[in-house]
């Protein structure tokens, strides 16, 4: 039997009552971060980032629909959007496809706007493209709870039914530690906390997960 333990971030099995459309909620830290960006006059970063995240989630939702499943709720958190869905008839191959659909949609959207951005020379369009590329690249990191980590978990669970989840969790911890170390050096040298915070997110998430035997 597969465990939904490490799927709890984005796609846990949902036992709630059926809804015509997914319930959309926003966490308090997410709203606080949005207000901070507005206060710093970074509204375009907020709007384009939110729009890129919406495209990303549309990829997941489309994949779920094509595989006969459905989303029950979407929650926008500081660590990223989370989708709750009914795991109906999804095998490892389909779960991996659902995970990779989000970054794929971002990359397609970025590629579609490149010719227009080059033609117009619009800084706003280049920022829009950059949001998509950054979101896709980050989510393709092969570490839980990111999409790349979920795809890796599905692959490992299919190859090693008894140990796949354990391998995925421990591999993600080592990736998180590596990002923490490299991110700390960047933080101290360039005052950029992005990679350090990403590594911390991955490490904290996997540290609280206890792989089932």
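The values are calculated or read from the model by the stated rules, or taken from the named source; none is laboratory data. Just so we're clear, the structure is a prediction, and the values are computed from it rather than from any experiment. FYI the Cβ positions are ideal-geometry reconstructions off the backbone, even for glycines, and counts take in every protein chain you see.
The table that follows gives values for the structure above.
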quantity	calculated
Inter-residue pairs, beta-carbon under 7 Å, first free of Cβ contacts under 8 Å to residues at least 12 places away in the same chain and in segment 105-124, second assigned to a helix (DSSP H, G or I) and surrounded by 12 or more Cβ atoms within 10 Å (Cβ to Cβ), 6+ apart	116/125
Residue 46 vs. criteria in a helix (DSSP H, G or I) and without any contact (Cβ under 8 Å) to a residue 40 or more places away in the chain	yes
Residue within segment 167-177 that is over 26 Å from residue 92 (Cβ atoms) and more than 16 Å from the chain's Cα centre (by Cα) present	yes
Matching option when the condition is surrounded by fewer than 19 Cβ atoms within 10 Å (Cβ to Cβ) and assigned to a helix (DSSP H, G or I), among 102, 149, 176, 181	181
Which listed residue is part of a helix (DSSP H, G or I), on the phi < 0 side of the Ramachandran plot, out of contact with any helix residue (DSSP H, G or I) (no Cβ under 7 Å at 6 or more places or on another chain) and modelled with pLDDT of 75 or more, from 35, 62	35
Condition check for residue 155: assigned to a helix (DSSP H, G or I) and closer than 22 Å to residue 94 by Cβ	yes
Failed criterion for residue 119 (all others in (1) in a helix (DSSP H, G or I); (2) touching a helix residue (DSSP H, G or I) at 6+ places or on another chain (Cβ under 6 Å) hold)	(2)
